[in-house]
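A.B. asks: A single structure is presented below for examination.
The values are calculated or read from the model by the stated rules, or taken from the named source; none is laboratory data. What you see is a predicted model, and the numbers here were worked out from it, not measured in a lab. We place every Cβ from the backbone using ideal geometry, glycine too, and count neighbours over all the protein chains shown. With ligands, DNA and RNA removed, areas are computed over all heavy atoms of the protein, side chains included. Shrake-Rupley method; radii C 1.70, N 1.55, O 1.52, S 1.80 Å.
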Amino acid sequence: MRLEFKVLWFENQMDGVQQAVTGMRRELAKHGLLLELDQQADASRLDELSAHQEKFHEYDLVVVDWDLGEGQPKGDEVAERIRNSFGFTDIIFYSGKATDLLRDMVKDRAIDGVYCAPRNGLRNKLIEHVNYVVERLSRLEAMRGLAVVSAGRADGQMREVVRLAHGKMDAEAQSELVAAVDAKVAGAANSHAKAYGKLKDLEGRLGSRALNSGILHEVATLSVQMVVATHPACEPHLAVLQTYVDEVIQPRNALGHIVETRDVDGWVINYAGGKRLNKEGLSKMRKDLSRHLENFAAICAVLSEAAEGK
């Protein structure tokens with residue numbers, strides 16, 4: 001489960017479908033998802049991409065144009081090869097030809113699970129597909145997984161923020177930061193405290209289970225605060241970092257204690273107190289997860305650039 005929606009797109013003239021790409025990107029963004037586009041001008045790498053998909057299952061959708069240019073297989077042949085090697089990954093097959101002709105091509109090759117669209121209707125077909133995918137992602141189990149995975153990624157990014165900030169400090173400030181980490185862990189009084197006490201350096205501390213997401217956020221915030229005077233480009237990112245608990249940790253924790261029930265309109269997600277978590281709330285949750293992951297990456301980029309210029 002990811003915030004990124006990855007599309008493999010076979011098209012040799014992407015300029016002609018930019019409106020469709022933009023429409024899909026905007027529709028995904030509305031729901032807090034990011035478009036990752038892997039464009040292939042021809043089918044020359046199809047075997048390689050198929051092997052990659054079999055191992056990593058990275059592509060959520062494959063989009064195929066019928067005409068990939070001179071010397072290339074037609075899109076219906078490409079779609080057949082994709083279906084044979086990509087499992088049940090969704091495929092959208094499009095062309096300037098009539099949709100009925102595309103469907104006939106798919107039928108003649110006995111390809112299952114291919115959605116056909118005219119080129120001038122591709123944008124709407126992609127938006128329709130996104131909305132269907134969002135419905136699946138809005139189930140409670142999917143959101144729990146997404147929140148846990150995203151928070152886990154954020155933990156790794158916060159560790160990198162602390163490392164980079166630590167590297168910008170003088171020896172006295174570094175000692176002060178390590179002491180602050182120790183104090184926060186000791187205050188938490190968790191079961192890992194005994195093992196934590198044997199750790200000798202910052203890296204060992206950052207890898208300790210005693211440094212849970214909440215403490216790690218406090219340490220990352222403190223680290224940035226300690227270097228913001230000398231690295232003012234971090235200041236706007238610090239403001240976002242300070243909302244992380246409210247926008248990521250608390251919602252992630254809440255997802256473990258809410259229930260999903262059937263309603264006349266479909267699945268409904270309710271907090272323990274009865275308050276409903278609607279689609280707008282789920283979209284905001286995904287947007288917040290994306291925003292904070294991007295913010296951590298931006299802080300690391302600022303501190304890394306500072307290190308390179310030092």
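A.B. asks: Output the number of the condition that I269 fails; it satisfies all remaining conditions of (1) farther than 30 Å from A165 by Cβ; (2) part of a helix (DSSP H, G or I).
C.D. replies: (2)
A.B. asks: If the requirement is being polar (S, T, N, Q), modelled with pLDDT of 95 or more and over 13 Å from F86 (Cα atoms), which of these qualifies: Q19, Q13?
C.D. replies: Step by step, each of Q19, Q13 is checked, and only Q19 is polar (S, T, N, Q), modelled with pLDDT of 95 or more and over 13 Å from F86 (Cα atoms).
A.B. asks: Would you say A154 is surrounded by 20 or more Cβ atoms within 10 Å (Cβ to Cβ), modelled with pLDDT under 95 and either among the aliphatic types (A, V, I, L, M) or touching an Asp or Glu at 6+ places or on another chain (Cβ under 7 Å) (or both)?
C.D. replies: Working: surrounded by 20 or more Cβ atoms within 10 Å (Cβ to Cβ): yes; modelled with pLDDT under 95: yes; either among the aliphatic types (A, V, I, L, M) or touching an Asp or Glu at 6+ places or on another chain (Cβ under 7 Å) (or both): yes.
So A154 fits the description; yes.
A.B. asks: If you don't mind, another one. Within region 107-155, can you find the residues that are basic (K, R) and without any contact (Cβ under 8 Å) to a residue 12 or more places away in the chain?
C.D. replies: Once the filter is applied, which keeps residues that are basic (K, R) and without any contact (Cβ under 8 Å) to a residue 12 or more places away in the chain, region 107-155 yields K107, R136.
A.B. asks: So V185 passes all but one of these: (1) open to solvent by 50 Å² or more (accessible area, probe 1.4 Å); (2) without any contact (Cβ under 8 Å) to a residue 60 or more places away in the chain; (3) part of a helix (DSSP H, G or I). Which condition number does it fail?
C.D. replies: Of (1) open to solvent by 50 Å² or more (accessible area, probe 1.4 Å); (2) without any contact (Cβ under 8 Å) to a residue 60 or more places away in the chain; (3) part of a helix (DSSP H, G or I), only one is false for V185: (1).
A.B. asks: For region 159-178: of the residues being farther than 19 Å from G214 by Cα and open to solvent by less than 30 Å² (accessible area, probe 1.4 Å), which is farthest from the chain's Cα centre (by Cα)?
C.D. replies: Ranking the qualifying residues of region 159-178, first place goes to A173.
A.B. asks: When only residues in region 197-238 that are assigned to a loop (DSSP other than H, G, I, E, B) and of a type in the set (G, A, S) count, which is nearest to A298 (Cα to Cα)?
C.D. replies: A229
A.B. asks: With the structure loaded, tell me whether T230 is out of contact with any helix residue (DSSP H, G or I) (no Cβ under 8 Å at 6 or more places or on another chain), under 26 Å from R163 (Cα atoms), of a type in the set (S, T, N, Q) and at pLDDT 90 or above or whether it fails that test.
C.D. replies: So T230 fits the description; yes.
A.B. asks: If you don't mind, there's one more thing I want to ask. Looking at region 154-175, which of its residues are outside any helix (DSSP H, G or I) and either within 14 Å of R286 (Cβ to Cβ) or in contact with a helix residue (DSSP H, G or I) (Cβ under 9 Å, 6 or more places away or on another chain) (or both)?
C.D. replies: Hits for region 154-175 are K168, M169.
A.B. asks: Return yes when K194 is over 24 Å from P251 (Cα atoms), part of a loop (DSSP other than H, G, I, E, B) and at pLDDT below 90 and no when it is not.
C.D. replies: The answer is no for K194.
A.B. asks: Can you find, within region 267-292, the residue that is surrounded by the fewest Cβ atoms within 10 Å (Cβ to Cβ) among those that are modelled with pLDDT of 90 or more and in contact with a helix residue (DSSP H, G or I) (Cβ under 6 Å, 6 or more places away or on another chain)?
C.D. replies: Top of the filtered list is D288.
A.B. asks: Within region 1-15, track down each residue that is open to solvent by 60 Å² or more (accessible area, probe 1.4 Å) and not in a loop (DSSP other than H, G, I, E, B).
C.D. replies: D15, the sole residue that qualifies.
A.B. asks: Taking only region 248-266 into account, find how many residues are open to solvent by 40 Å² or more (accessible area, probe 1.4 Å) and either closer than 26 Å to A165 by Cβ or without any contact (Cβ under 8 Å) to a residue 40 or more places away in the chain (or both).
C.D. replies: Looking only at that region, the number is 9.
A.B. asks: Considering only residues that are free of Cβ contacts under 8 Å to residues at least 40 places away in the same chain, within 13 Å of E128 (Cα to Cα) and surrounded by 15 or more Cβ atoms within 10 Å (Cβ to Cβ), which ones fall in region 22-35?
C.D. replies: R25
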